[in-house]
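This report concerns only the one structure given below.
The values are calculated or read from the model by the stated rules, or taken from the named source; none is laboratory data. Since we're looking at a predicted model, the values are computed, not measured. Here the Cβ positions follow ideal geometry from the backbone for every residue, glycine too, while neighbour counts run over all protein chains shown. When the accessible area is computed, the model is the full protein with side chains, heavy atoms only, and any ligands, DNA or RNA have been set aside. Shrake-Rupley method; radii C 1.70, N 1.55, O 1.52, S 1.80 Å.
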Amino acid sequence: MTDEFRESIERLKALRRRIEKEIEDIVTKIAPNLSEIAGPLITARLLEKAGSLERLAFLPGSKIQILGAEKSLYKALARMRRGKRAKTPKHGIIFLHPFIRTLPKKKRGKMARFMAAKLAIAARFDYFRGGLDEKLAEEVRRKYEELRR
């Protein structure tokens, strides 16, 4: 019984790795700048949530920042309308990125805003121009190092 369970877990892990590899291959072709900054899996989630690369390219950085946290945002706004205190979300899907997740809580919002702005620029590069621009990813890394100190 436990051997069967272990085997099925291993099969599922292998399947997940294959799917992640396939997503990585596709996303790096479609959106090289986005996947360079955010990573292929986060890029795929952003594209899925936005609907397409075109729609993502036309979103402002502030919307990209909270993509995936809409439910939390609308709950907070509803509480505010009733006159209660509420915290609006600082990040949605991009919270999965190690540059945001590993920072202290007080610095996460700043990094999320910066990264969302760079992701908006990267999405526009990918949609309108294509090709990889390493400067964007380097700026994000520099900002992370700066905030980590």
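For the pair Arg55 and Leu41, the difference between a 0.36 nm per residue extended length and the Cα-Cα distance amounts to 3.2 nm. For the range 82-134, the set of chymotrypsin sites (Phe, Trp or Tyr not before Pro) satisfying both a DSSP loop assignment and a count of at most 12 other C-beta atoms within 10 Å is empty. At each listed q (0.20 Å⁻¹), what is the log10 of I(q)/I(0) that the Debye formula gives for the range 40-100 modelled as equal alpha-carbon point scatterers? Here log10 of I(q) over I(0) equals -0.77. Per-atom-type breakdown for the chain gives carbon and sulfur 54% of the accessible area (1.4 Å probe, protein chains only). Considering the values [x] 94; [y] 111; [z] 152, which represents volume of the Cα convex hull per residue in Å³ as calculated for the structure under consideration? Correct label is [z]. Calculated [222 nm] ellipticity per residue, helices only, for the chain: -23000 deg cm²/dmol; basis is -39500 (n - 2.57) per DSSP H run with n ≥ 4, divided by all residues, nearest 500.
Post the alpha-carbon centroid distance, the range 1-44 to the range 46-113, in whole angstrom. That distance is 24 Å. On full extension, the segment bounded by Leu96 and Ser62 gains 10.6 nm, given 0.36 nm per residue less the C-alpha separation.
Can you list the aspartates and glutamates whose alpha carbon is less than 20 Å from that of Lys13, not counting same-chain residues fewer than 8 positions off? Cα-Cα hits under 20 Å: Asp3, Glu4, Glu22, Glu24, Asp25. Can you pick out the pairs among Lys21/Lys75; Lys75/Lys106; Lys105/Lys143 whose Cα atoms lie more than 25 Å from each other? Too far apart for the 25 Å limit: Lys21/Lys75. Principal semi-axes of the equivalent ellipsoid, √(5λ) from the alpha carbon gyration tensor of the range 64-149, are 28, 17, 8 Å from largest down. Relative to the current alpha-carbon distance between Arg16 and Arg113, full extension at 0.36 nm per residue lengthens the span by 31.9 nm.
Cross-link check: pairs Lys29/Lys87; Lys63/Lys84; Lys110/Lys135; Lys84/Lys107 evaluated at a Cα-Cα cut-off of 31 Å; pairs beyond the cut-off: Lys29/Lys87.
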